[in-house]
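Enquirer: For reference, the structure I am asking about is given below.
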Amino acid sequence: MDEKQLLQRIQELVDEEHRLRQQLQDGQIDESEEHARLRQAEEQLDQAWDLLRQRRARRDAGLNPDDVDPRPVPEVEDYEQ
């Protein structure tokens, strides 16, 4: 996945978060479903941002950005800055 595709995926996930919040407000889904689906979208979003950062860091270092893979969700979620 190149940067353009990653940025598009990030936007899709942000849009999904907004849709879920709206669906909750409109009574289309309940809180537990919203929380579960939001958690999944947020994990995927964190993973996409992490991959984008990895790709940019490799490119800035003169390395091939295609040589990185997405990190597992637990690794991305437990990362401390």
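Enquirer: Mind pulling the angle between the C-alpha long axis of helix 3-25 and the longest principal axis of the chain? Nearest 10 degrees, somewhere in 0 to 90.
Expert: Value to nearest ten degrees: 10.
Enquirer: Continuing with the same structure: What's the extension gain from Gln23 to Ala36 if we count 0.36 nm per residue and subtract their Cα-Cα distance?
Expert: Values: separation 13, 0.36 × 13 = 4.68 nm, distance 1.34 nm.
Gain on extension, Gln23 to Ala36, equals 3.3 nm.
Enquirer: Residue separation times 0.36 nm, minus the C-alpha to C-alpha distance between Gln8 and Ala57: what's the value? If you can, show how the numbers build up before the last one.
Expert: Working: separation 49, 0.36 × 49 = 17.64 nm, distance 1.93 nm.
Answer, rounded to one decimal: 15.7 nm.
Enquirer: Note the per residue figure in Å³ for the convex hull of the C-alpha positions in the chain. Numbers along the way, then the final one.
Expert: Numbers: hull volume 7.8 nm³, N = 81.
Per residue, the Cα convex hull of the chain comes to 96 Å³.
Where a number appears in this text, it was derived from the coordinates with a stated rule and is not lab data. Remember, predicted model here, so these are calculated numbers, not experimental data.
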